[in-house]
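The values are calculated or read from the model by the stated rules, or taken from the named source; none is laboratory data. Because the structure is predicted, anything quoted here is derived from the model rather than measured. Don't worry about glycine lacking a Cβ; one is built from the backbone with ideal geometry, like all the others, and counts go over all protein chains shown.
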Amino acid sequence: MIITKSGRRIFPALKVKLSGLDKKANYYVIMDIVPCDANRWKFHNSRWTVAGKADPELQKPLHIHPDSPATGEHWMAKGASFHRVKVTNNATNKAEFVSI
């Protein structure tokens, strides 16, 4: 997935099925994006190549599911979908984007 400054929806969308929760307890569902290495990558000549070191991480890119907090019964019945999350490589992004 190529990430742009203007933001792009995660593809494929992240959908999670939850089980084993206390039906009456409230839970937050949070998505955390963690870099797999310290490099910046580019797609060149039909393959991915290292394009230098990645920028230092300014903030932890967390996204709280909009239904949070919700009961365990809610999460086990509906699951959690993060299909509306947009990611960006712009450090001065708006609140609705996850900066990575």
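Odds and ends about this structure:
- Residue list for the range 22-34, restricted to those being within 21 Å of GLY7 (Cα to Cα) and surrounded by 11 or more Cβ atoms within 10 Å (Cβ to Cβ): ILE30, MET31, ILE33
- For the range 61-78, a residue qualifies if it is assigned to a loop (DSSP other than H, G, I, E, B) and surrounded by fewer than 14 Cβ atoms within 10 Å (Cβ to Cβ), and the qualifying residues are PRO66, PRO69.
- ALA13 of a type in the set (Gly, Ala, Ser) and closer than 30 Å to THR71 by Cα: yes
- Of everything listed in (1) in a strand (DSSP E or B); (2) modelled with pLDDT under 85, the single unmet condition for THR49 is (2).
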